[in-house]
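Here is the structure we will look at, set down as C-alpha cells.
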Amino acid sequence: MVPREPQSTGDNEERPLVAPLAGGQLGGRVAELAGSFLMDSTALAIGVFAPDGALLLANSGMRRLLGHAAEPGRLLSPSFPELAAAGPGGEAPIHRGILHFGDVRSIAHSLRGEVWRLGEELLILAEFDVVELERVVAEVSALNSRITSLQRRLVSEQKALERSLAQLRATQSMLVHSEKMNALGKLAAGVAHEINNPLAFVRSNVHTLGESLGRLFGAYQALEEAALRACPAGLTGVAEALREDADLEFLREDAGDLVKGTLGGLARVQQIVKDLGTFARLDQAEVEHSDLKESLESTLAIAGPALKSGGVEVSVEWTDLPKVRCKPAELSQVFLNLLINAAQAVECRGQGNGRIVIRARDEGLRVALDFEDNGAGMTGDVLGRIFDPFFTTKPVGQGTGLGLTISHKIVVDQHGGTIAVRSTPGAGSTFTITLPKELVR
C-alpha cells in the first residue's frame with residue numbers, strides 16, 4: 001500500500017489513504033481495522049512529523065523507536081532540513097532507503113523505509129528489516145562465541161600459568177637442593193681430604209710405634225738373658241723384680257693388642273672417609289660408567305648410624321650387574337632418600353623390628369632395584385601425591401616434602417628411568433627403580 005496526498009476529485013471529495021477492499025460499509029470497516037492494526041503494530045514504524053521534526057502522530061512502533069527518555073531519539077539521517085529541501089514529492093516518496101534513528105551521541109537503529117510529503121507534514125514509514133535483524137543476531141552470537149572462546153582461553157592460560165608457577169617452584173627447590181648438595185659435596189670432599197692427611201701419619205706413627213715396641217721388648221729380653229748368663233747375684237734379682245713389677249708379659253701382649261686395635265679403628269675411619277668421598281664423587285666425572293653396588297654400599301655406610309639407632313635390619317640381595325652409565329652422585333642421593341624414608345616408615349614396628357630389603361636384577365636393557373620395607377604403608381590418596389613438591393605426611397618441621405620429588409626428577413628426568421611404588425597400609429611399601437644401562441640424553 002502506497003499512501004498518497006489527499007487530492008480533490010471532480011466531486012470535490014478526498015481520496016482515502018487506504019483503498020477500500022469492498023464497497024459500502026464493509027470497505028469502511030476493513031479500513032478501520034487495518035488502520036487500528038497498523039497503529040498498534042511494533043513491527044512497522046509510522047509517524048507524521050512537522051517540517052521541523054516535531055512529532056504529530058505516531059503508532060506503537062514509532063513510539064518504541066523514538067523512546068520515552070527525557071531526550072527522545074530522532075531521525076538523524078536524512079535530517080528533517082534535508083527532507084524539507086527535497087521537493088514536493090507528489091506521486092513518489094521524497095526518500096527511500098535506510099533511515100537512521102538515535103540520539104545526539106550515537107545511532108541506535110537503522111531501518112529500511114520511505115518518507116512521503118503530505119502537504120507540509122512528513123509521513124515516515126519504516127520497517128524492522130528481518131535480514132538486518134538476523135545479521136545483528138548473528139553478530140551478537142559470534143561475539144558471544146568469541147567471548148566464550150576468550151574465557152576458555154583465559155581459563156586455559158590461567159591453568160598454564162599455575163602449572164608454570166608450580167614448575168618454577170619445583171625448579172627453584174631443585175636448584176636450592178642442587179646448591180645444598182654441591183656445598184655438602186664440597187664440604188664432604190674437604191673434610192675427607194683434611195681427615196686423610198692426619199689419618200695417614202697417625203696410621204704411620206702407630207705402625208712405627210708397634211714396631212718400636214717390638215724392638216724394645218726384644219732388646220729387654222736379650223739384656224735380661226745376658227744378665228742371667230753372667231749370673232751376678234744382684235743383677236739377677238733386679239731383673240726378676242723389674243719383670244714382676246712391670247708385669248712384662250702382660251705389657252707385651254697388651255701393647256700388641258692396643259696397636260692392632262688402633263690400626264683397625266684407623267682402618268675403619270679410613271673406610272668411612274672413602275665412603276664419604278664415594279658418596280660425594282666430586283673428584284669424578286658427572287656422568288660415568290658406575291658400579292651401582294659400590295654406590296649403594298657407600299650410601300649404606302653414610303646412612304648406617306640412622307639405621308642402627310632405630311634397630312633397622314638391612315639386607316641386600318644383589319646379583320651381578322654390569323656397570324651403568326649414569327650420574328652416580330645423583331643416584332646415591334636417591335638411594336639415601338629411599339633408605340631414610342624407609343627407616344622412618346618402620347619406626348611403627350618398634351625398636352629392632354624394622355626391616356629393609358634391597359634387591360637388584362638385570363632386565364636386559366635396564367636394571368631394576370627394589371627397596372622394600374615392612375613399615376606402616378600408604379593409603380591410595382597418599383600414593384597419588386608422594387611425588388608432588390612439598391607434599392609430606394610428616395609433622396611440621398620434620399620434612400620438606402622434596403625428597404621423593406627430587407628422587408623422581410633424578411631417576412626420570414636425568415636418567416630416563418622410572419620410579420614406582422606399591423604399598424599396602426599396615427604391611428609396608430616397595431619402591432622400584434629402573435635405569436637404562438646407557439644414559440639417555
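The values are calculated or read from the model by the stated rules, or taken from the named source; none is laboratory data. Everything numeric here is computed off the predicted structure, so don't read it as measured data. No Cβ is skipped: glycine too gets one built from the backbone with ideal geometry, and neighbour counts run over all protein chains shown.
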Is there a residue being at pLDDT below 50 and touching a strand residue (DSSP E or B) at 6+ places or on another chain (Cβ under 8 Å) anywhere in the stretch 57-70?
no
Of the residues LEU118, LEU168, LEU111, which single one is within 52 Å of the chain's Cα centre (by Cα) and modelled with pLDDT under 90?
LEU168
May I ask you to verify whether SER290 is buried (at least 16 other Cβ atoms within 10 Å of the Cβ) and in contact with a Ser or Thr (Cβ under 7 Å, 6 or more places away or on another chain)?
no
Is it the case, given these coordinates, that ARG441 is assigned by TED's automatic domain parsing to the domain that holds GLY310, of a type in the set (Lys, Arg) and modelled with pLDDT of 90 or more?
no
